[in-house]
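J.: Dropping a structure here in structure tokens format, bear with me for questions.
The values are calculated or read from the model by the stated rules, or taken from the named source; none is laboratory data. The structure displayed is predicted, hence computed values, not measured ones. Don't worry about glycine lacking a Cβ; one is built from the backbone with ideal geometry, like all the others, and counts go over all protein chains shown. With ligands, DNA and RNA removed, areas are computed over all heavy atoms of the protein, side chains included. Shrake-Rupley method; radii C 1.70, N 1.55, O 1.52, S 1.80 Å.
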Amino acid sequence: MRVVVVGAGIVGCATTYELTKRGVAVTLVDRAEVSSGTTGLGEGNALCSDKDEGPELDLAVAGMPLFEEIEELVGERARIRRKGALIVHPDEATWAGEPARAERLLAAGVNATLLSPDEVRELEPNLTGEIRGALYVPDDLQCDPRAIAQALAAWSEDHGAEIRPGTEVSTLEPGEGVHLADGTLLAAEHTVLTAGPWSAPLAATAGLGLPVEPRKGQLTRLRLPDPDPTFLRRKIVDGSYLASVTSTAAHRHISTVVETTWDGHVIVGSTRERCGFDPAVDDSLAQDVQARAAKLVPALADLPRDSTWVGFRPWLPDGRPAIGPSRTRPGLWIGTGHEGAGIQLGPITGRLLAQVITGETPELDLSPFDPERFND
């Protein structure tokens, strides 16, 4: 069996790794470098706290133990910190529904606890803004997704996979392989498309309609005068974030997420808008995001902005990723559409794809993630 994987973000690297472990001959191609796209531009989290019951939460719960394996494989470069997350609620409207959501998370196997404002401040003394309460999920983690993807690719290459950065694919030929931009046919019985928000045009070359599109996000790094990784010990997420993630509207959404970086500074976000591949940084938006974050953590108000950047999340209309085989294009497999949860869901997506490609029974039912559900 020979497989070509198109797209070297965390999903593609995880798929390559899992297939290589199973003795499959794999070629991983990307028009740029490994993890140079969406994977390397996010905050680097694996979270169950920001989800609700349903297939995506089931996928997230199944995927969390894989980070223990990743840590064993990658070591300190993975920068995995199991620091937990707090979903805080300044507004009564979002707080009112949190007890019921906590019960749903618990039923799905997530360790989740409701906290009073005083209990939150015991955990996070710098979080002094007015809140009604918080949901605490202690097992959520922070990591370095770029280092993880690169390590998975490197391990795969050491064990027989071919890694080809700087290799652009022009068309997919399911059952035959892929045509490269120079006209070369890279032969393979199976083609796995894991090109994130860039997947739709490539899927179209195989005759598959896949309505994945980029959802732009902007993040800002703030510089503390004295770097301190314990300035905020946990990831802080405003309760309104959940509604912005699940919204299908094209207009801009702003909600607050804050956490310290590995080197002791602070990242603030987050924004979402469906505006195509617009790379422009909006300085006024960065100011707005910082001001909103300072309502929760007032010490952020006057910190200098070190850098602001843009990334593109792969978004699908129903909010679920596309994972599995094409029903109408034998030999074509899809792994994309994870929106902002690609770091959490990438490793488990790679494992599930490898399982079904090699004839194993997958750990989860893939029918909710059917790539052709939009064409029925």
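J.: Consider Leu185 against the criteria (1) open to solvent by 60 Å² or more (accessible area, probe 1.4 Å); (2) within 26 Å of the chain's Cα centre (by Cα): it satisfies all of them except one. Which criterion is unmet?
T.: Unmet condition: (2).
J.: Taking the range 288-307, which residues are over 14 Å from Leu219 (Cβ atoms) and either of a type in the set (Val, Ile, Thr) or within 22 Å of the chain's Cα centre (by Cα) (or both)?
T.: Selection gives Val297 alone.
J.: In addition: As an exercise: evaluate Asp50 against (1) over 22 Å from Leu332 (Cα atoms); (2) in contact with an Asp or Glu (Cβ under 7 Å, 6 or more places away or on another chain); (3) assigned to a loop (DSSP other than H, G, I, E, B); (4) at pLDDT 95 or above and give the number of the one condition it does not meet.
T.: All conditions are met except number (2).
J.: For residues that are within 26 Å of Val212 (Cβ to Cβ) and acidic (Asp, Glu), scanning just the range 269-290, find the one that is surrounded by the most Cβ atoms within 10 Å (Cβ to Cβ). Quick ask: steps written out before the conclusion?
T.: Keep residues of the range 269-290 that are within 26 Å of Val212 (Cβ to Cβ), which gives 269-282, 285, 289.
Next, only the ones that are acidic (Asp, Glu) stay: 273, 278, 282.
Values: Glu273: 19, Asp278: 11, Asp282: 17.
This residue is Glu273.
J.: Can I ask one more? Scanning for something in contact with a Pro (Cβ under 9 Å, 6 or more places away or on another chain) and under 25 Å from Glu213 (Cα atoms), does the range 146-155 turn up at least one residue?
T.: yes
J.: Here's a check for you: in the range 215-268, which residue that is under 24 Å from Asp283 (Cβ atoms), touching a residue at least 60 places away in the same chain (Cβ under 8 Å) and among the hydroxyl-bearing types (Ser, Thr, Tyr) is least open to solvent (accessible area, probe 1.4 Å)?
T.: Thr220
J.: Out of curiosity, is Val310 within 15 Å of Arg221 (Cβ to Cβ) and in contact with a Pro (Cβ under 8 Å, 6 or more places away or on another chain)?
T.: Working: within 15 Å of Arg221 (Cβ to Cβ): yes; in contact with a Pro (Cβ under 8 Å, 6 or more places away or on another chain): yes.
Considered against the rule, which asks whether it is within 15 Å of Arg221 (Cβ to Cβ) and in contact with a Pro (Cβ under 8 Å, 6 or more places away or on another chain), Val310 comes out as yes.
J.: Return yes when Asn111 is in contact with a helix residue (DSSP H, G or I) (Cβ under 6 Å, 6 or more places away or on another chain), of a type in the set (S, T, N, Q) and at pLDDT 95 or above and no when it is not. Show your work before the answer.
T.: On the way: in contact with a helix residue (DSSP H, G or I) (Cβ under 6 Å, 6 or more places away or on another chain): no; of a type in the set (S, T, N, Q): yes; at pLDDT 95 or above: yes.
No: the conditions fail for Asn111.
So that you can scan it fast, the table gives a plain yes or no per residue for (1) assigned to a helix (DSSP H, G or I); (2) hydrophobic (A, V, I, L, M, F, W, C); (3) open to solvent by less than 10 Å² (accessible area, probe 1.4 Å); (4) closer than 21 Å to Phe312 by Cβ:
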| residue | (1), (2), (3), (4) |
| --- | --- |
| Glu157 | yes, no, no, no |
| Ile163 | no, yes, no, no |
| Thr191 | no, no, yes, no |
| Trp198 | yes, yes, no, yes |
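J.: Report yes if some residue within the range 311-332 is within 18 Å of Asn45 (Cβ to Cβ), open to solvent by less than 40 Å² (accessible area, probe 1.4 Å), at pLDDT 95 or above and out of contact with any Asp or Glu (no Cβ under 8 Å at 6 or more places or on another chain); otherwise report no.
T.: Yes; the residues of the range 311-332 include at least one that is within 18 Å of Asn45 (Cβ to Cβ), open to solvent by less than 40 Å² (accessible area, probe 1.4 Å), at pLDDT 95 or above and out of contact with any Asp or Glu (no Cβ under 8 Å at 6 or more places or on another chain).
J.: Among the residues of the range 19-28, is any buried (at least 20 other Cβ atoms within 10 Å of the Cβ), within 18 Å of the chain's Cα centre (by Cα) and modelled with pLDDT of 95 or more?
T.: No, there is no match, as no residue in the range 19-28 is buried (at least 20 other Cβ atoms within 10 Å of the Cβ), within 18 Å of the chain's Cα centre (by Cα) and modelled with pLDDT of 95 or more.
J.: Mind counting the residues in the range 1-18 that are assigned to a loop (DSSP other than H, G, I, E, B), at pLDDT 95 or above and open to solvent by 10 Å² or more (accessible area, probe 1.4 Å)? If you could, list the steps in order and put the result at the bottom.
T.: Start the filter on the range 1-18 by keeping residues that are assigned to a loop (DSSP other than H, G, I, E, B), which leaves 1, 7-9.
With at pLDDT 95 or above added as a condition, the list becomes 7-9.
This time we only want the ones that are open to solvent by 10 Å² or more (accessible area, probe 1.4 Å), so: 9.
Going through the range 1-18 one residue at a time, the tally reaches 1.
J.: What pairs can you find where one residue is in the range 317-344 and farther than 19 Å from Phe67 by Cβ, the other is among the basic types (Lys, Arg) and open to solvent by 10 Å² or more (accessible area, probe 1.4 Å), and their Cβ atoms are less than 6 Å apart, with a gap of 6+ or different chains?
T.: Glu339/Arg313
J.: Just one of Glu72, Glu18 is touching a residue at least 40 places away in the same chain (Cβ under 8 Å) and either charged (D, E, K, R) or in contact with a helix residue (DSSP H, G or I) (Cβ under 8 Å, 6 or more places away or on another chain) (or both); which is it? Walk me through how you get there before you give the answer.
T.: Working: Glu72 fails: touching a residue at least 40 places away in the same chain (Cβ under 8 Å).
It is Glu18.
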